[in-house]
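Colleague: Dropping a structure here in structure tokens format, bear with me for questions.
Each value in this text was obtained by applying a stated rule to the coordinates, not by laboratory testing. These numbers were taken from a predicted model, which means no experiment stands behind them.
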Amino acid sequence: MENKENFYNVTEDLSNLVYVVRDCNLPDKIAQKYNVGMIIREKGFCDATYIIGGMSTSHRFTILSNQFFDMSSFDEDNKGLCVTNKDARFKVLDKFTINDKTQITLLELPRNGKWKNFKDMTYIIEKRLAQDAREKFAILSKAEPLPQQNTKAMLARFDSPLGMNDDGEMFPLE
């Protein structure tokens, strides 16, 4: 490779990824808008949890990230709450359904404009991450929901789409 300035080392920005989830009930017209390879931008803060069990909802956003902030010191009920900054961008790596449960796997992209490296490129690691998320989901789809994740307050906190408003209008990437 002659021009090292144009080389993007994806592994640097994707090291130490953790799985967090956000369970919700998405209408079909909203769920159908998530297509593998697309990049979305969440305008607000994105809440999720790192305590993962079975689902009582129809959809799960599984988010792979190294940018979420652990909010457990403020979390009296041990719900594993974590949050990422507003204007986070995510790439849809996979959409996978088992029985009546659908997982939408998202990769939180690097900030400072580096997210643009993912617009027209698919990295090998993306396929590996998607496959790993499928395998975990296949196991968890048979598990019981955890009581602390299945409260009305927690379900209400997560019950909205990411990257779009409730009417399905996508937020602009920039």
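Colleague: How long is the gain from Asn35 to Lys114 if the chain were fully straight, where each residue apart is worth 0.36 nm and the alpha carbon distance is subtracted? Spell out each step's value before the answer.
Modeller: On the way: separation 79, 0.36 × 79 = 28.44 nm, distance 2.11 nm.
Contour length minus Cα-Cα distance gives 26.3 nm.
Colleague: Before rounding to the nearest 500, sum -39500 (n - 2.57) across all DSSP H runs of length at least 4 in the chain and divide by the residue total; then give [θ] at 222 nm in deg cm²/dmol. Don't jump to the answer; show the numbers that get you there.
Modeller: On the way: 4 runs with 32 residues, N = 174.
Theoretical 222 nm ellipticity from helices: -5000 deg cm²/dmol.
Colleague: Take every DSSP beta bridge with both residues inside segment 47-174 and express the antiparallel ones as a percent of the total, to the nearest 5. Intermediate values should be presented prior to the final figure.
Modeller: Working: 14 of 20 bridges.
Expressed as a percentage, antiparallel bridges in segment 47-174 total about 70.
Colleague: Rg/Rh for the chain to two decimals, with Rh computed the Kirkwood way over all alpha-carbon pairs.
Modeller: Working: Rg = 16.0 Å, Rh = 16.6 Å.
That ratio is 0.96, to two decimals.
Colleague: Quick one: which residues, 5 or more positions from Ala88 or on another chain, have an amide H under 5 Å from its amide H? H modelled 1.01 Å from N in the peptide plane, none for Pro or chain starts.
Modeller: Those lying under 5 Å, H to H, from Ala88 are Glu42.
Colleague: Taking the chain as the reference, fit the longest principal axis to its C-alpha atoms, fit the long axis of helix 124-140 to the helix C-alpha atoms, and give the angle between the two in degrees, 0 to 90, nearest 10.
Modeller: Helix 124-140 sits roughly 10 degrees off the main axis of the chain.
Colleague: Using Cα pairs under 8 angstrom and six or more residues apart, how large is the relative contact order of the chain, in percent?
Modeller: Details: 310 pairs, mean separation 51.7, N = 174.
In percent, rounded to a whole number, it is 30.
Colleague: What full-extension length gain, to one decimal in nm, is calculated for Ile125 and Asn9 as 0.36 nm per residue of separation minus the Cα-Cα distance? List each step's numbers first, then the result.
Modeller: Details: separation 116, 0.36 × 116 = 41.76 nm, distance 1.16 nm.
Value of the extension gain: 40.6 nm.
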